[in-house]
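Each reported figure results from applying straightforward, stated rules to the coordinates on display, with no laboratory input. A quick note: this is a predicted structure, and the numbers were derived from the prediction, not measured. All Cβ positions, even for glycine, are placed from backbone atoms using ideal geometry, and neighbour counts span all protein chains on display.
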Amino acid sequence: MLTSIMVIGIIAVMKKTNPSFLNGVPELLVLRLLAAREMYGYQIVEEIRTRTGEALSFGEGCIYPYLHYLEAEKQVSSQRREVEGRNRNYYKLTARGRKRLEELTTEWKRVTTGVTQLMGVQHA
């Protein structure tokens, strides 16, 4: 008869999610990546994860709506291609998207400078 169970080696891990103050950051990152080259959605998701050292992880459910929005706003354009037997939408930045990227980059630098100044303040 079993009277007790001892659990050994099981650790509960909570998946970290991105904090709410990152609203708008996916748009900036998507535009930045597409400024360098054409990419498809899942490729963008993986590139963000990899290039941020997994500090940021936006799933497809976050990135695809941004891509659709950016396409509706004519900031990106897409082209469907068959690659290795799979159909994928490849996205590229338009002139309007480059302008938006410049605006967002300027705003990001302003905000991060302010936060860095505040966070760097030492109190006695």
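Of all residues in the stretch 98-113, those that are without any contact (Cβ under 8 Å) to a residue 40 or more places away in the chain have Cβ atoms under 9 Å from Cβ atoms of residues that are surrounded by 14 or more Cβ atoms within 10 Å (Cβ to Cβ), 6 or more apart or on another chain, in 99/75; 107/28. Can you pull out every residue in the stretch 67-118 that is in contact with an Asp or Glu (Cβ under 9 Å, 6 or more places away or on another chain), charged (D, E, K, R) and part of a helix (DSSP H, G or I)? Once the filter is applied, which keeps residues that are in contact with an Asp or Glu (Cβ under 9 Å, 6 or more places away or on another chain), charged (D, E, K, R) and part of a helix (DSSP H, G or I), the stretch 67-118 yields 96, 100.
Restricted to the stretch 25-43, and to residues that are part of a helix (DSSP H, G or I) and among the charged types (D, E, K, R), which residue is nearest to residue 62 (Cα to Cα)? Step by step, filter the stretch 25-43, then rank; the result is 27.
When you check residue 48 against the structure, is it touching a residue at least 24 places away in the same chain (Cβ under 8 Å) and in contact with a helix residue (DSSP H, G or I) (Cβ under 6 Å, 6 or more places away or on another chain), yes or no? Against the criterion (touching a residue at least 24 places away in the same chain (Cβ under 8 Å) and in contact with a helix residue (DSSP H, G or I) (Cβ under 6 Å, 6 or more places away or on another chain)), residue 48 does not qualify.
Would you mind finding the one in 118, 104 that is aliphatic (A, V, I, L, M) and within 26 Å of residue 43 (Cβ to Cβ)?
Details: 118 fails: within 26 Å of residue 43 (Cβ to Cβ).
Checking each option against the conditions leaves just 104.
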